[in-house]
Amino acid sequence: QRVKRRLGYTSILDTTILQVFTKTLSLLPKFKKGKDLLRSHPILYTINQQTMGFFNKLKNAASKAIKEDLLKSMGIDDADDGGMTRDEFEANKPDELRKDIRMISGCADRQTSADVSNVSSFQLPDPAGRAGGACTSTLLKVLYADERVPEEDLSFTQVLEQMRRHLKEGGYSQIPQLTSMNPIDVEAKFDLVPETATGVRRAVMIGINYVGDEPGELSGCWNDVLNMKKYIMDVHGFEEDNIVVLMDDGENTEPTRENIIEAYRTVVAHSEEGDAIFLHYSGEGESDFYTIFPYFERNYR
């Protein structure tokens, strides 16, 4: 309701129609017949561009509303002079946000995953298959090289810089990013498992090739999981019994939304202070559409 008021839409019916229309038009360019339809109907193409602008405006409004709610729950006024400072946020954030969580992401939501038909150029030890994801293969290449020269530990910054350089040299568009729940020294030693994590090491690993989903089928996501699984077991001491694998290969647990969420809930419930949890995902990116429009989340996803 806050988002609709911010955008000036007061009719639920009108908003729902716009939601359906926006989603329909956003899907057209993904299919050959849809592309042909847009090319042959200039007016429809113009409407498509305009509705995409509406969709972006809606996302921005929703993000602002979520931020305001978060700040309000923390007792902080979102002033026009820049809002809260980092020190204010760190002093007031809830306990759930104080966990030591770090994430390396490979591509933005608007991008697609980049398959590599043959990962031999990445010089991985005993790769699980010829195909692989560009980002995962690049990360493993950097980490294995770092292991071979233990006296020269890489920092967080150096790992990211080397990944970006290798990807750019290979002609890939991904620009890996590092996100941390808490402030960290990016020039400190990079460790996939922090030295403070002295307990059990658990992992949930997801690989989705979208078998039979033309034209979006991938070929390297399963191999990404197997290659990364080998790395965390050989180098970081993860045990097979503590690794949960979800893949659409007909052998492992299907990576449905429900199964993924349940796997995450289970690994968190079984973990204690001092344990390490490693989460790996290889597959396509996802837009924020279902976050903004929960109606489609509940009924069509």
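The values are calculated or read from the model by the stated rules, or taken from the named source; none is laboratory data. In this text, all values refer to a predicted model and were calculated from it rather than measured experimentally. Surface areas here come from the heavy atoms of the whole protein model, side chains and all, with no ligands, DNA or RNA. Shrake-Rupley method; radii C 1.70, N 1.55, O 1.52, S 1.80 Å.
So which of K99/K229; K67/K168; K57/K141; K189/K229; K72/K168 end up more than 30 Å apart by C-alpha? Pairs exceeding the cut-off: K67/K168; K57/K141; K72/K168. Accessible surface comparison of H236, H166, probe 1.4 Å, protein chains only, largest first: the order is H166, H236.
Largest first, the residues T138, T196, T266, T253 sort by 1.4 Å accessible area into T196, T253, T266, T138. Of the listed residues I232, I277, the order by accessible area with a 1.4 Å probe, largest first, is I277, I232.
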